[in-house]
Structures are given as C-alpha cells and as structure tokens.
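Participant: Shown below is the structure under consideration.
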Amino acid sequence: MTDRRSVLKGMACTAGVISVAGEAQLHPTVPWWKRATIYQIYPRSFQDSNGDGIGDLPGITSRLDYIKGLGIDAVWLSPHFASPNADNGYDISDYCAVMPEFGSMADFDTMLAGMKDRGIRLILDLVVNHSSDEHAWFTASRASRNNPYRDFYIWRDGKGDQPPNNYPSFFGGPAWTRDETTGQWYLHYFGRKQPDLNWENPAVRDAVYDVMRFWLEKGVAGFRMDVIPFVSKQPGLPDLSPEQLKNPEYVYASGPKMHEYMQEMRREVLAPYGAVAIGEAYGVTAEAAQRLTDSRRGELDMVLNFDVVRLDRDGWRKLPLSLPALKKVYARLNAEVGPFGWNSVFQENHDNPRAVSHFGDDDPLWWERSAKALAVLLLTQPGTPFIYQGEEIGMTNYPFREIGEFNDVEVHGQWKDDVETGKVPAATYLWDIAQTSRDNARTPMQWSSQSNAGFTRGKPWMPVNPNFTAINAATQTSKDSSVLGFYRRLIRWRSRQSDLAVSSYVDLLPDHPTLFLYRRGSVVVAINLSRQVQQVPLTGNPTIVLASDDDGATGQPGNLILSGWTAAVVSLS
Ligand code: TEU
Ligand code: CA
C-alpha cells in the first residue's frame, strides 16, 4: 500500500500555500453556522469582469460590498475548479486549479481576502462523488486494466453487450459507458463525462482529503458537498426493481458505508480545521438525514433536503402545489431534525426554478409582494437559510419556449430519452420543463437596467431574462420597500433575534389552503399566499414586529388583516 500511495501522490494536490490563521471562535457553544445567513453564488452567472460573457472571480470580488450590504455571513460558491463544463463545473478536471474562464489562483486569493476583510466566510463546493472524465485520475484509470489508478473509478464487465446493471443516469440513458480501450464499463450516476469515484479505495478518500486540506489551508470555512450520500455504493451493484427505478436517488443515497465515510472525513479533515460540512441530500431519507446531522455522531453539520423544492415534481413533470402539503413538509422536517440535528432552509438554488415563480406569484402586479412574503418564510423557519443569487431581488423564471433555448445537459438528456423516442409529446415536455428546468436559475444576475442587465459588456453565455429592466438590483438598492431593501432589513432583524434559530416550531393552521401561520418561540409568523385580503385569527392582541409591506398588515384585537401576498411577524399580548 505504501508504494501504491506514493505512486498516487504525484497526482494529488500539494498545498504549497500561505496559511491564513483561522478566526478565533468566540462562542464555542453556538457554532457560527447556526446563526448565519448563507448566500449561494453560481459564478458563471453572477458577474463578468472581462467581457467574455462568463461570470468570474474578479466579478465576484467587485460585488463583495453588495453581498456585505445584504447582511450575509457566508458565501457558498458553486464550483470554481478547472472543468470542461459538461455540467457547468460539476465535472472537475483539477481540484486544485481555478477554472481558467473564472480567473487565476491569484484571483481566488484576492476574492477570499476581500471576503475575510468584510467578515464573510467562504464555503466551497466539493464535488467528489465523481470527477470529470478529463481528470488525470480518469485518464490514467481508463488507460489499462492494471494501472495504479484503475481502482479510482468503478469498472465492471458488461452483460454481453449490455451494461453491468440497469442503473439509469440522471442525465438520460444508462449510468454506464463502455470504454473502448479495455472493453469494460465505468459507472456514472450523472453524465458520461462524470465518472463516479470509487470510495471503497482508501487512496481515493485520501486524495479527496488532500484536496480539502489544500483549500482549508487557504482559509475557507468548509464545504457544501455535492450528492455526498451517493459516495457509498450498493454492495454488488444489483439491478434496481421497477419501483426503485422510479426514484433511483433513494438507492444511490443509501449505500451501507455512507456514515462510516462521513465519520472518517470528519476525523481526518473537518474536525482539525473546525470546518463546516453541508451535505446535499438528494434522495436521503429522514432517518438517514437525522443520523447524518446528529452532532454526537461526528458526520455532517446539516443537509440540504429537497422535499420542499421537489414537492410538486415528478422528475421533470410539474404537479399542482398545495399549501397544506407544503406545510406538512416543513412540519415534518422540523420535527424530524431532533435535538442534535440541524436543518437548512432554501426555496431555490442552481438546480431548481426561481422561488417567486414556483411558490409565489410572478405576475407583474404581484411579483414584488410575493417575493417579499416568501422572504419571510425563508428567514423565519428554523435552521440556516440559504439565499440563491437573484432571489433577493425577486428574479423570476425565464420564458422558455423551445428546446434550443435550454443549455442544461439534464434537459437535453431528457429530451433524447422522452421526446425523441416518442414517449412524450414535445409540447408537453416543453410546458413542464419551462417551469421545472434548472436553467431558470442560471440566467445572468440582473444588476441594472443597462445592456445585458449589467452582467457583461460582451455576449452573455445564457440569455438575460427579458424582464431585467423591471427587475434588477440597481433600481431596488435605494428603496427600503423593494424586495432587496426588505431582504436587507429582514436579514439584519433575524441576526438580532437570539432565539429564532433555536426556538420551537408550531404550525397553527396546518389545513388552511392559502394562509401559513406558525409560532416561533415568542413570535407568530403569518403569511398570506394568495391575492385576496385575509383575516388571520389569533389568540391575543398582535403587535406587528415586522411586515413585508407596512400598509398591508393591520393588527386588531384577536386578529390580523393581511393584504394579498403579505407577511408579518407579530408578538401577542
Ligand atoms: O445535484 C444533484 C441533484 O440532486 C440534481 O442534479 C438532480 O439530480 C437533478 O436536478 C434532478 O432533476 C448536484 C449539483 O447541484 C448539480 O448541479 C449537478 O449537476 C449534480 O449534482 C452532479 O454533480
Ligand atoms: Ca469573464
């Protein structure tokens, strides 16, 4: 093994970098991330600095005052590593290099220093269930059956000319590709350019830990871990049953070694650096999520659970959304987290449609009010809230009409599987995918009403949403009543509520179809998710602590009147 490790060392990261001293932990009892509001940046679409139409790290650095002004504690940066971009950076070809389109390592260091100066922590995106097929590990691995990197990936013989088992890939077709050189098949839960790493091999885990140390030495605060529960594979890789085939993520996320690997990672890397670990938990059951985040077990700190954002979905299909069902998800998540776990809260990210179009009302008349009402929901649930770039200005879904307008590898894979085979009419698919596509969240950030929304002076890699003249940061920035102004106020207010992060959660009207009413410790949150004025029954006299629209909420003895799409936090006497 020693020999083998030293052969492999040559292709791992070497952390020849200046170590930045970690900030002193002043309050060891409450970890910082339990009080934090986290902002997700998708670098490709955030801010271009050099006119090539692609967002980049200097672009982010130039917007740090904006992020600071929001009141954000930490940034989660979607992958910034070298990548051929088969899946926009979620296919990494060098874990210790910056994607040239995004800038240089010096640009990264400048960005990180700028964040530190402003008291903003940086959380990186660790994508280690798979790498790119262009990573040096894979190039070596595929070269022959007996090279030292062969076991870095998962190779099997096919069944005749068929794949080794019936696993489907999330991006269409089988999760296996046959490689000419050796005649064997490699496993890839996602695209064929995203081969899955073999975590059974301790050298793989060591290489991953080296990558993590490389960035932690630079002073990052921790990691969001991409599909991390998928790293433990099912022993023997048996075929999926017809039932399992409908939601393969539950099988992929329940390998027997997941907890063992997470504990090892905590011991080896996270604990020594005091780093935060946020696991993406697509396909994780409630029970596994509880174990993963149980602080006594030393695994992850929190997981990103998809139950809210995928409630009204069946794959790419859009299903009707019911508020009682949504409330049930929140109630369940809040109950299941248990005294030793911790939740995250999010309404959109780079894999999901825009919240105001999904859960709100993006009609121009209601867009602003509903974006602010949703802000209240996001920031008053228990757990750590995540705001996705553009959510804070109420960015909406893109008006997609044709398949050619989509960029996402997932969309084109589904089109091939479902439309080109004649299984689904093109119009049906397009109607649904326009609402559910990940591309809705990936159009450029709308900074101003200038050309290309101020995102680039060149040609943007994805079209800018045509509504940018109405919805952009510049027109909102000086207005307290704007979506942005309200987010700022709400984030500041939240950071001052010492008990909000930890106090209990009680749904007071679980069956109401358009009103969301819950108690959080000493306050009650009321959200009107409809266009109609509503009277909210309360057991006491409300004092309005905060409202998404000052004229839209009126307290009276025993109730509260809320205008359409208005939310308020009240205390009762
Ligand atoms: O996402 C995994 C994931 O859960 C989604 O991609 C999901 O499979 C898909 O949206 C189903 O419709 C992570 C990243 O967030 C995503 O951007 C990557 O494409 C994926 O992993 C592979 O790395
Ligand atoms: Ca650029």
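Participant: Per residue, how much accessible surface does region 503-572 expose to a 1.4 Å probe? Answer in Å², no decimals.
Facilitator: Solvent-accessible surface per residue comes out at 41 Å².
Participant: Assign one of three labels to region 341-382, namely rounded, prolate or oblate, based on the Cα gyration tensor with a ≥ b ≥ c the square roots of its eigenvalues; rounded applies when a/c is under 1.5, prolate when it is not and a/b is larger than b/c, and oblate otherwise.
Facilitator: oblate
Participant: Quick one: go through region 183-203 and flag any residue whose amide nitrogen is under 17 Å from the point 7 Å out along the Cα-to-Cβ line of residue 143.
Facilitator: Counting backbone N atoms under 17 Å from the label point, the list is 183.
Participant: Averaged per residue, what accessible area in Å² does region 366-495 show with a 1.4 Å probe, protein chains only?
Facilitator: That works out to 36 Å² per residue.
Participant: How high is the FRET efficiency from residue 474 to residue 335, r the C-beta distance, R0 30 Å, rounded to 0.05?
Facilitator: Computed FRET efficiency for residue 474 and residue 335: 0.10.
Participant: Under the rule of at least 5 residues apart or a separate chain, name every residue whose amide H is placed under 5 Å from the amide H of residue 384.
Facilitator: Distant-sequence amide H within range of residue 384: 343, 344, 345.
Participant: Counting only protein heavy atoms, what percent of the accessible surface of the chain is carbon or sulfur at a 1.4 Å probe?
Facilitator: Roughly 52 percent, rounded to a whole number.
Participant: Still on this model: Under a point spin-label approximation (7 Å from Cα along Cα-to-Cβ), what is the residue 237-residue 68 distance to one decimal in nm?
Facilitator: 5.0
Participant: Run the helix sum for the chain: -39,500 (n - 2.57) per DSSP H stretch of 4+ residues, divided by residue count, reported at 222 nm to the nearest 500 deg cm²/dmol.
Facilitator: -7500 deg cm²/dmol
Participant: Can I ask one more? Roughly what % of Cα-Cα distances in the chain sit above 46 Å, to the whole percent?
Facilitator: Beyond 46 Å sits 12 percent of the P(r) for the chain.
Participant: I need the peptides 514-526, 546-558 ranked by packing, meaning the mean over residues of other C-beta atoms within 10 angstrom, with the highest value on top.
Facilitator: In descending order of packing, they fall as 514-526, 546-558.
Participant: Quick check for me: using +1 on Lys/Arg Cβ and -1 on Asp/Glu Cβ, what's the dipole size of the chain about its Cα centre, in debye to the nearest 20?
Facilitator: The calculation lands at about 1060 debye.
Participant: Here's another thing I want to ask about it. So how far apart, in nm, are the two label points at residue 544 and residue 29 if each is 7 Å from Cα heading toward Cβ?
Facilitator: Calculated label separation equals 3.6 nm.
Participant: Suppose a student asked you for the relative contact order of region 503-572, using Cα pairs under 8 Å spaced at least 6 residues apart; what percent would you report?
Facilitator: It comes to 31 percent, rounded to a whole number.
Participant: Now, a different point. In debye, nearest 20, what is the charge dipole magnitude of region 503-572 about its Cα centre with +1 on Lys and Arg Cβ and -1 on Asp and Glu Cβ, if you could check?
Facilitator: Result for region 503-572 is approximately 120 debye, rounded to the nearest 20.
Participant: Can you give the extra length, in nm with one decimal, that the chain gains between residue 431 and residue 245 once fully stretched, where that is 0.36 nm per residue apart less the Cα-Cα distance?
Facilitator: Here the answer is 64.5 nm.
Participant: Find which of 37, 397, 407 sits farthest along the positive direction of the dipole of the chain, computed with +1 on the beta-carbon of Lys and Arg, -1 on that of Asp and Glu, about the Cα centre.
Facilitator: Projecting each Cα onto the dipole axis, the largest value belongs to 37.
The values are calculated or read from the model by the stated rules, or taken from the named source; none is laboratory data. Source: prediction; values computed, not measured. No Cβ is skipped: glycine too gets one built from the backbone with ideal geometry, and neighbour counts run over all protein chains shown. Quick note on the areas: whole protein, heavy atoms, side chains included, nothing else; ligands and nucleic acids left out. Shrake-Rupley method; radii C 1.70, N 1.55, O 1.52, S 1.80 Å.
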